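Participant: Quick one: this structure, given as structure tokens, is what I'll be asking you about.
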Amino acid sequence: MSTLAVNRAQYEAQAVPLDRIDVSDPKRFQDDTVWPYFERLRKEDPVHFCRDGMFGPYWSITKYRDIMAVDTNHKAFSSEAGGIIIVDRNVGERFPNFIAMDPPKHDEQRKTVSPIVAPANLANLEGLIRSRVCTILDSLPRQESFNWVDKVSIELTTQMLATLFDFPFEDRRLLTYWSDVATTFPQAGQPIDTWEKRDAILAECLAYFTRLWNERINKAPGSDLISMLAHSPATRNMQPREFLGNLILLIVGGNDTTRNSITGGLWFMNQNPDQLQKLRNNPALIPSAVSEIIRYQTPLAHMRRTAVQDAIVGGKRIREGDKVVMWYISGNRDEEVIENANSFIIDRKNPRQHLSFGFGIHRCVGNRLAEMQLRILWEEILRRELDVKVTGEPVRVPSNFVHGYSSLSVRISA
Amino acid sequence: MPKIHFLEFGGREHLIEVPAGTSVMQAAVDNNVPGIDGDCGGECACATCHVYVEPAWLEKTGERTVPEDELLNFASTAQENSRLACQIRMDDALDGLRVRLPESQH
Ligand code: HEM
Ligand code: FES
């Protein structure tokens, strides 16, 4: 972003009356100007009510500790009552899945899905993932500009998902497509402009997966996710909408987030050459650098809850029925908890202390998988001494939820 | 000062001495005992400080708290004697406590 745009955003964030601040405007995420607004809220009104938000009235929780308090209080703050994103959907249309369920149903289903992405199972996948990373890196063009998002970030996460689902490899880009559709809110002028269109595409996704499900249910239980869902007592009687909901959850969970951490990591290293040098000098820092990349990117900018009883957060009274948005992206820059929070520092004292995976009963089940993918990628980049230079500003996604990039133009010189 | 024996998954043992009041998670993290992550800093919000308390010590370490029990409930490697180490505070009565670490934290 140009200095001029930064200055203007800073000026505007200070000038607007506090009660008129609406951090949910997707445009501010697209042009990367949301930061000064969060900075002001953290300072002046950390638990902030916005009456006329683009997506209706809502509370913004902007500081680390207040976010932790909401995230761990699932009795007062429900994931089920209104879903987990700021945009409301007509309840009848939603695809239910356990990220948007409260206990006890949440716990049951989470327990079923969790073992496949637990470290013990991941160890079996590491070799396969590494060989795919190597193939991708070795086939990248040299001495010419290309889009890192498409050639590396998307390709790698898509291959990973195809592996997890044992999904037909040649059709794997469908996974990316469905993930994009599932996280798209219909907007006039976009390819998907109505909820009906979105639901029709997701119905195709359901049909495809139903076919795979039927194949697997008639076979002995395998270690892929679909087989696990088809055979586990906790999930095998799921209704089609619920089945699709959980699949979408795993596709989106394992797709956009990791993809954008892969892109973000490359961008941050290019912006902070001293940190990249530190990493090259000491590859033992890779796990710590991976956590820092995930903190600094915050691939999911927020999670939403709905108050199901009155509660006090940061001294403010939140009433039953209120929409509460935990801005992880802001809490991860809270200087009260994270020293030099606005800097990208790969060897922090507590690199794992960040909000990007959430906390409490909904804390990301895929976190170890995501970290493993990023670790392997950086190990292989360093091993090859790949010199990847960013050749332009990243293009960001207009979303207040998926915090990421649609393109990052790069060039490999050696 | 009370002492804790940590038994790593591979069998390696660490004897750590900490001031009374320190949590078992903090004791491990501060002394670089591998196998305990403590991502949430002891808020009982991440379950990456999962340990197995040796049966002889179960009574002295007390009951799981409600939020602790919820998190352990869906940890696939949880057993009867599973606890979250950040929820156990050391005192003289726990001097000599023995805990085993799981293969990995998730
Ligand atoms: C850097 C990468 C990732 C980030 C930043 C991330 C972020 C998150 C966050 C913030 C939550 C908490 C939701 C809430 O509190 O409501 C979550 C939950 C979840 N994530 Fe991830 N995630 C990542 C990677 C993955 C991967 C690779 C998978 C898939 C295998 C995955 C699957 C899930 C699932 C299934 C849940 C729901 C857990 C529950 O509700 O109990 N995530 N993730
Ligand atoms: S350190 Fe997070 S639950 Fe114990």
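Participant: Going by Cα centres, the stretch B:17-76 and the stretch A:334-404 are how many Å apart?
Facilitator: 26
Participant: For chain B, take the convex hull of the Cα atoms, compute a quarter of its surface area, and give me that in nm², please.
Facilitator: 5.7
Participant: Could you check the spin-label model distance between A:ASN282 and A:ALA15? Points 7 Å from the Cα along Cα→Cβ, value in nm.
Facilitator: It is 4.6 nm.
Participant: Tell me, what is the 1.4 Å probe accessible area of A:THR3, in Å² to the nearest 10?
Facilitator: A:THR3 exposes around 100 Å² with every protein chain in place.
Participant: Still on this structure, I have one more. So what is the calculated 222 nm ellipticity per residue for chain A, using -39500 (n - 2.57) for each DSSP H run with n of 4 or more, over all residues, to the nearest 500 deg cm²/dmol?
Facilitator: Values: 15 runs with 190 residues, N = 414.
It comes out at -14500 deg cm²/dmol, rounded to the nearest 500.
Participant: Given points 7 Å out from each Cα along the Cα-Cβ axis, report the A:LYS43 to B:GLU103 separation in nanometres with one decimal.
Facilitator: Going by the 7 Å Cα→Cβ label model, 5.1 nm.
Participant: In whole Hz, what ³J(HN,Hα) sequence does the stretch A:282-293 give by Karplus (6.51, -1.76, 1.60; θ = phi - 60°), x for Gly and Pro?
Facilitator: 9, x, 4, 7, 4, x, 5, 5, 4, 4, 5, 4
Participant: Could you sort A:VAL149, A:VAL308 by accessible area so the largest value comes first, with the probe set to 1.4 Å?
Facilitator: A:VAL308, A:VAL149
Participant: Within the stretch A:195-219, which residues have the backbone N less than 19 Å from the label spot 7 Å out from A:ARG241 along Cα→beta-carbon, could you tell me?
Facilitator: Counting backbone N atoms under 19 Å from the label point, the list is A:195-210.
Participant: Between A:CYS134 and B:PHE9, what is the FRET efficiency for a Förster distance of 22 Å, r being their Cβ-Cβ separation, to the nearest 0.05?
Facilitator: The computed FRET efficiency comes out at 0.15.
Participant: How big a patch of accessible area, both sides summed and in Å² to the nearest 100, lies buried between B and A at a 1.4 Å probe?
Facilitator: 1600
Participant: Now for a separate question. For the stretch A:299-356, what value does the Rg/Rh ratio take when both radii are computed over Cα atoms and Rh is the Kirkwood radius, given to two decimals?
Facilitator: 1.09
Participant: If r is the Cβ-Cβ distance from A:ARG319 to A:VAL6 and R0 is 41 Å, what FRET efficiency results, to the nearest 0.05?
Facilitator: Working: r = 37 Å, r/R0 = 0.90.
That gives a FRET efficiency of 0.65.
Participant: Tell me the accessible surface of A:GLU80 in square angstrom (1.4 angstrom probe, heavy atoms of protein chains only), to the nearest ten.
Facilitator: Number for this one is 80 Å².
Participant: In the stretch A:376-414, which residues have a backbone nitrogen under 15 Å from the label point lying 7 Å from A:GLN143's Cα in the Cα-to-Cβ direction?
Facilitator: From the stretch A:376-414, the list is A:411-414.
Participant: A further question on this structure: Using only the Cα atoms of the stretch A:3-412, each taken as one equal point scatterer with no solvent, compute I(q) by the Debye sum, divide by I(0), and report log10 of the ratio at q = 0.11, 0.13 Å⁻¹.
Facilitator: Evaluating at q = 0.11, 0.13 Å⁻¹ gives log10 I(q)/I(0) of -0.84, -1.20.
Participant: Once each part is reduced to its C-alpha centroid, what is the distance from the stretch A:244-303 to the stretch B:1-15 in angstrom?
Facilitator: 33
Participant: Can you sort A:HIS48, B:HIS106 by solvent-accessible area, 1.4 Å probe, largest first? Write out the running numbers ahead of the final one.
Facilitator: Working: A:HIS48 5, B:HIS106 55 Å².
Reading off the accessible areas and sorting them downward yields B:HIS106, A:HIS48.
Participant: Right, something else. Between A:ASP199 and A:GLU126, what is the spin-label point distance in nm, taking each point 7 Å from the Cα along the Cα→C-beta axis?
Facilitator: With each label placed 7 Å out from Cα toward Cβ, I get 4.6 nm.
Participant: Could you check how much of the accessible area of the protein assembly as shown is carbon and sulfur, as a whole percent, using a 1.4 Å probe?
Facilitator: Working: 11020 of 22030 Å².
In the protein assembly as shown, the share of accessible area belonging to carbon and sulfur is 50 percent.
Participant: Express in nm, to one decimal, how much length is gained between A:ALA234 and A:LYS27 on full extension, taking 0.36 nm for each residue of separation and deducting their alpha carbon distance.
Facilitator: Full-extension gain reported as 70.4 nm.
Participant: Roughly how many Å² of A:LEU4 are accessible to a 1.4 Å probe, to the nearest 10?
Facilitator: 120
Participant: Which order do you get for A:ARG352, A:ARG8 if you rank them by accessible area with a 1.4 Å probe, largest at the top?
Facilitator: Heavy-atom accessible area, descending, gives A:ARG8, A:ARG352.
Participant: Calculate one ³J(HN,Hα) per residue across the stretch A:118-125 by plugging θ = phi - 60° into the Karplus curve 6.51 cos²θ - 1.76 cosθ + 1.60, and present them in order as whole Hz with x for glycine and proline.
Facilitator: Here the 3J(HN,Hα) series is 7, x, 4, 6, 5, 4, 5, 8 Hz.
Participant: Just to be sure I understand the interface: list residues from the stretch B:72-98 that lose 10 Å² or more of accessible area between the chain on its own and the complete protein assembly, 1.4 Å probe.
Facilitator: B:ASN73, B:PHE74, B:SER76
The values are calculated or read from the model by the stated rules, or taken from the named source; none is laboratory data. All values reported here derive from a predicted model rather than from experimental measurement. Because the Cβ atoms are built from the backbone with ideal geometry, glycine has one as well, and the counts that use them run over all protein chains shown. Calculation scope for accessible area: heavy atoms of the full protein, side chains included, ligands and nucleic acids excluded. Shrake-Rupley method; radii C 1.70, N 1.55, O 1.52, S 1.80 Å.
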